[in-house]
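**Student:** Below is a structure I'd like to ask you about.
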2 protein chains.
Amino acid sequence: MSGAFAFEVVASCGRARSGRFTTPHGTVPTPAFMPVGTKATVKGLTPDQLRATGTGFVLANTYHLVLRPGTALVRELGGLHRFMAWDGPILTDSGGYQVFSLSHLTRVDEQGATLRSVIDGELVELSPESAVDAQRDLGADVMMALDHCPGDPTDRVEVERATARTHRWLERCVRRFESSASHGEPQALFGIVQGGAFADLRARSVEAVTSHDLVGYAIGGVSVGEHESAMELAVDAAAPLMPTEKPRYLMGVGTPRDFYRAVRAGVDMFDCVTPTRHGRNHQVHTSLGRMNLRNSVWARDERPLDPDCTCATCTNFSRAYLRHLCNSGEILAGVLLSLHNVHFFQHLMERLRRAIASGTLASLEHEFVVALQQRAAPDGPHTSGADGAAAHDATRADS
Amino acid sequence: MSGAFAFEVVASCGRARSGRFTTPHGTVPTPAFMPVGTKATVKGLTPDQLRATGTGFVLANTYHLVLRPGTALVRELGGLHRFMAWDGPILTDSGGYQVFSLSHLTRVDEQGATLRSVIDGELVELSPESAVDAQRDLGADVMMALDHCPGDPTDRVEVERATARTHRWLERCVRRFESSASHGEPQALFGIVQGGAFADLRARSVEAVTSHDLVGYAIGGVSVGEHESAMELAVDAAAPLMPTEKPRYLMGVGTPRDFYRAVRAGVDMFDCVTPTRHGRNHQVHTSLGRMNLRNSVWARDERPLDPDCTCATCTNFSRAYLRHLCNSGEILAGVLLSLHNVHFFQHLMERLRRAIASGTLASLEHEFVVALQQRAAPDGPHTSGADGAAAHDATRADS
């Protein structure tokens, strides 16, 4: 692994592994969860608050930053780390996911994609080369190759075509990456495996993508739509074939339940808008399942959101107060609930890492599932069942 | 001064004085500025962030908390300090200001006021007695007597009537206060001087109000409407007549310019929604005057908001980044700008206190005025002129 980047597996348990991913902005233990800072801010949280949740890596969305304030401006101002005052590692996506999710605004051909700006309707060109250039401007530690997400992961013809294009685009990304230089600290490029819900296509995609010697590789196209079984299939088919000595990143996933499945298959990195978007919508994730803070059952409840949580929200505030903030439409509601949710996700990652090290991953997962089932009833309307379903509002930009 | 409360003047400079106001939740140096936490939250800021701005006292609005979540519920949950996790001193208003500002929803007679709830249209009774009871429920360190604000401070007939009623209501508040007990720590009652823009009526009101031996006294009815000269007149007429050994609180004021004027007349305490409301509206107060962060002139500006400021916003972020957050409608914009504005106000209070101690108040004020005039031009479109005018969006609830 080249220069400023290193990945080391420090413990494993079945296919699950715990490791250390080193970047120019620090070392992050894996499995790692990256909160989404779409427009160069993880919504509502200051860098200090974010750090206190145990967050190492942060993700930002290239497409949104191309639109505003423009990546050239971010470069001029010293890059994304300085711009958003985050001195830890940052990963930027390539905009490929937005080509898919904003498909009604997009024209895609072999050259690349043309998107209409959601801000002013202007046309924005996105190609493998411009995606690399934009991410050079941003200066994130890890940049992603431009991929082509198939619209329907179960449509074999569409998936084959999109996957082949993803491989051709990766060649072009690698060429551009190798012929360009960082404007500051060294950067790494990750390639993205496609292949939809087909094990053989995933395997072929792993082969094509890993034929490039990159710092890490991602599994894409699985947070898309309502294909939960496609996610499992894709992860099970791809992860075990990916190089053991490189980090494996499952894009746009997800919820606690998803993390167990994916970690078991050997995934090391995740990102998702869930904790912050749910927080703004008054939904919290706890060791007892999910809670909707608008529910009147919490009106007189003096307990913290989660008795097992040590975050600033749970340390200081009651459910009754947080419900009052939600009902009053207060900014602080979204801030405090997002803070708790991100902390909860990071704490879960920590528990996963410890369980891998001590060989107790299976019992941790069992405990998690049992807790959701058993504790939902006596403690009020925790909606544990919704936890899996929530994977699927897991888009990759938090807006 | 009774028991848990004490006020001590430690330095003076002309009529201006610097002091220490002790409450059951700590001692606050004066002149003191209280940010407004209308619904038991200073909008967007956590208690930790608020403390880091140098804030001691926080104000909350009784009327809003009566409507939601209800003061009985707050009492049940251990009082306002515990509810909102603010362990410093809290002052609650009586709802009198809302009787005035929501006059289209209000019927007032000698008994008290009946307001329609802005939430559900239900009728809410507010009397001198119920205002005390509600504030006993909330458990703030300082509660305010119910007053009757005249609609037009220059209409002598109306002002005389409202002022006389304020005095009769104060008698009833004092009786209720003395015949009731706190549910927790000791509480103090402040009376409110009315009298509009008439020096003789202000003088008579001071006499009537201070005939009750209370912990402190306030000047009311001056943040109302567009009567800037009425504010000066009222403060100049009332403050010098108020007992020197008790804190003097000017309600609902204001901006930096107002503070100089009022402190010169001997005022010790202020509250205003300005720093948080302006922050959410992308306006910041700086040592160079006011700035509108939406202005494109800041798009590439790497400097902090205020070169003289040590707040977390100025320490970490550029004007260009903050402008990006404002333009993107990000929650963090309101949070970071509110934080800066509150810090700026608290830092100004600190400078006022030091200037009083060192006898340099006049030169500090001169420096402030000159800075606004001289530095506005070269540094960009600081709108120093708007600083005075801003006093008059200074309502007493931040919503």
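**Student:** Can you find even one residue in region A:105-113 that is part of a loop (DSSP other than H, G, I, E, B) and in contact with a Gly (Cβ under 9 Å, 6 or more places away or on another chain)?
**Tutor:** no
**Student:** Only residues that are within 12 Å of chain B (Cβ to nearest Cβ) and part of a helix (DSSP H, G or I): list them for region A:78-100, please.
**Tutor:** Matches in region A:78-100: A:LEU80, A:HIS81, A:ARG82, A:PHE83, A:MET84.
To keep it simple, each residue is scored yes or no on (1) in contact with a strand residue (DSSP E or B) (Cβ under 8 Å, 6 or more places away or on another chain); (2) of a type in the set (Lys, Arg).
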{"site": "A:VAL159", "(1), (2)": "no, no"}
{"site": "A:ARG175", "(1), (2)": "no, yes"}
{"site": "A:ALA218", "(1), (2)": "yes, no"}
{"site": "A:ASP236", "(1), (2)": "no, no"}
{"site": "A:LEU241", "(1), (2)": "no, no"}
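**Student:** Now a separate question. Hey, can you tell me all the residues within region A:52-61 that are away from chain B (no Cβ under 12 Å) and surrounded by fewer than 23 Cβ atoms within 10 Å (Cβ to Cβ)?
**Tutor:** A:GLY54, A:GLY56
**Student:** A follow-up question, please. Does region B:326-341 contain any residue that is charged (D, E, K, R), within 11 Å of another protein chain (Cβ to nearest Cβ) and without any contact (Cβ under 8 Å) to a residue 12 or more places away in the chain?
**Tutor:** Yes; the residues of region B:326-341 include at least one that is charged (D, E, K, R), within 11 Å of another protein chain (Cβ to nearest Cβ) and without any contact (Cβ under 8 Å) to a residue 12 or more places away in the chain.
**Student:** Hey, another quick one. Go through region A:198-234 residue by residue and tally those that are touching a residue at least 12 places away in the same chain (Cβ under 8 Å), part of a loop (DSSP other than H, G, I, E, B) and over 20 Å from the mean Cα position of the chain (by Cα).
**Tutor:** 2
**Student:** Further, regarding this structure: Being at pLDDT 95 or above, among the small types (Gly, Ala, Ser) and under 21 Å from A:ARG136 (Cβ atoms) is the requirement here; does A:ALA199 meet it?
**Tutor:** Considered against the rule, which asks whether it is at pLDDT 95 or above, among the small types (Gly, Ala, Ser) and under 21 Å from A:ARG136 (Cβ atoms), A:ALA199 comes out as no.
**Student:** What pairs can you find where one residue is in region B:252-279 and in contact (Cβ under 8 Å) with a residue 40 or more places away in the chain, the other is of a type in the set (Asp, Glu), and their Cβ atoms are less than 6 Å apart, with a gap of 6+ or different chains?
**Tutor:** B:THR255/B:ASP387; B:ARG257/B:ASP387; B:TYR260/B:GLU365; B:ALA265/B:ASP236; B:VAL273/B:ASP398; B:THR276/B:ASP398; B:ARG277/B:ASP398
**Student:** Contact list please: Cβ distance under 8 Å, first residue in region B:160-182 and assigned to a helix (DSSP H, G or I), second residue polar (S, T, N, Q), pairs at least six apart or on different chains.
**Tutor:** Final answer for the pair search is B:ALA162/B:GLN194; B:THR163/B:GLN194; B:THR163/B:SER205; B:THR166/B:GLN194; B:THR166/B:SER205; B:HIS167/B:SER205; B:ARG172/B:SER127; B:CYS173/B:SER94.
**Student:** Right, here's the next one. For region B:300-325, which positions are part of a loop (DSSP other than H, G, I, E, B) and facing chain A (nearest Cβ under 7 Å)?
**Tutor:** B:ARG300, B:GLU302, B:PHE317, B:SER318
**Student:** When you look at B:ALA362, is it under 28 Å from B:ARG264 (Cα atoms) and of a type in the set (A, V, I, L, M), yes or no?
**Tutor:** Yes; evaluated as a whole, the condition is true for this residue.
**Student:** In region B:1-51, how many residues are within 14 Å of chain A (Cβ to nearest Cβ) and either surrounded by fewer than 23 Cβ atoms within 10 Å (Cβ to Cβ) or in contact (Cβ under 8 Å) with a residue 12 or more places away in the chain (or both)?
**Tutor:** The qualifying residues number 16.
**Student:** Please work out which residue is farthest from B:ALA145 (Cα to Cα), limiting yourself to region B:251-296 and to residues that are of a type in the set (Lys, Arg) and touching a His at 6+ places or on another chain (Cβ under 8 Å).
**Tutor:** Selected residue: B:ARG294.
**Student:** Looking at A:ALA131, A:ALA140, which one is modelled with pLDDT of 95 or more, part of a loop (DSSP other than H, G, I, E, B) and in contact with a Ser or Thr (Cβ under 8 Å, 6 or more places away or on another chain)?
**Tutor:** Exactly one of A:ALA131, A:ALA140 is modelled with pLDDT of 95 or more, part of a loop (DSSP other than H, G, I, E, B) and in contact with a Ser or Thr (Cβ under 8 Å, 6 or more places away or on another chain), namely A:ALA140.
**Student:** List every residue pair whose Cβ atoms lie under 7 Å apart, where the two residues are 6 or more positions apart in sequence or sit on different chains, the first residue falls within region B:61-87 and is without any contact (Cβ under 8 Å) to a residue 60 or more places away in the chain, and the second residue, located anywhere, is in a helix (DSSP H, G or I) and among the β-branched types (Val, Ile, Thr).
**Tutor:** Every condition considered, the pairs that remain are B:PHE83/B:VAL74.
**Student:** Still on this model: Only one of (1) under 18 Å from A:LEU348 (Cα atoms); (2) at pLDDT below 95 fails for A:SER12. Which number is that?
**Tutor:** Condition not satisfied by A:SER12: (2).
**Student:** Please determine whether any residue of region B:305-319 is basic (Lys, Arg) and more than 17 Å from A:ALA85 (Cβ to Cβ).
**Tutor:** Scanning region B:305-319, I find no residue that is basic (Lys, Arg) and more than 17 Å from A:ALA85 (Cβ to Cβ), so the answer is no.
**Student:** Another one. Go over the candidates B:VAL263, B:VAL284, B:VAL253, B:VAL267 one by one and state the one that is touching a Lys or Arg at 6+ places or on another chain (Cβ under 6 Å), more than 13 Å from every other protein chain (Cβ to nearest Cβ) and surrounded by 24 or more Cβ atoms within 10 Å (Cβ to Cβ).
**Tutor:** After applying the criteria, what remains is B:VAL267.
**Student:** Here are some residues: B:ALA32, B:ALA60, B:ALA52. Which one is over 19 Å from B:PHE190 (Cβ atoms) and hydrophobic (A, V, I, L, M, F, W, C)?
**Tutor:** Only one candidate passes the filter, namely B:ALA52.
**Student:** Is it the case that region B:350-360 has a residue that's under 28 Å from A:LEU337 (Cα atoms) and in contact with a Pro (Cβ under 9 Å, 6 or more places away or on another chain)?
**Tutor:** No: region B:350-360 contains no residue that is under 28 Å from A:LEU337 (Cα atoms) and in contact with a Pro (Cβ under 9 Å, 6 or more places away or on another chain).
**Student:** Here are some residues: B:SER103, B:SER127. Which one is free of Cβ contacts under 8 Å to residues at least 60 places away in the same chain, away from chain A (no Cβ under 14 Å) and buried (at least 18 other Cβ atoms within 10 Å of the Cβ)?
**Tutor:** That would be B:SER127, the only listed residue that is free of Cβ contacts under 8 Å to residues at least 60 places away in the same chain, away from chain A (no Cβ under 14 Å) and buried (at least 18 other Cβ atoms within 10 Å of the Cβ).
**Student:** Only one residue in B:HIS64, B:HIS25 is over 25 Å from B:ILE356 (Cα atoms) and not assigned by TED's automatic domain parsing to the domain that holds B:PHE100, so which one is that?
**Tutor:** Unique residue meeting the criteria: B:HIS25.
**Student:** Please tell me if A:LEU322 is modelled with pLDDT of 95 or more, closer than 23 Å to A:GLY252 by Cα and under 27 Å from the mean Cα position of the chain (by Cα).
**Tutor:** Here the answer is no, as A:LEU322 does not meet what is asked.
**Student:** Restricting attention to region A:62-77, which residues are facing chain B (nearest Cβ under 10 Å) and either touching a His at 6+ places or on another chain (Cβ under 9 Å) or in a helix (DSSP H, G or I) (or both)?
**Tutor:** A:HIS64, A:LEU65, A:LEU67, A:ARG68, A:PRO69, A:LEU73, A:VAL74, A:GLU76
**Student:** Could you check region A:183-197 and list, in sequence order, the residues that are assigned to a strand (DSSP E or B) and either in contact with a Gly (Cβ under 8 Å, 6 or more places away or on another chain) or buried (at least 24 other Cβ atoms within 10 Å of the Cβ) (or both)?
**Tutor:** A:ALA188, A:PHE190, A:GLY191, A:ILE192, A:VAL193
The values are calculated or read from the model by the stated rules, or taken from the named source; none is laboratory data. Computed from a predicted structure; not experimentally measured. Counting neighbours? That spans all protein chains shown, and the Cβs are built from the backbone with ideal geometry, glycine included.
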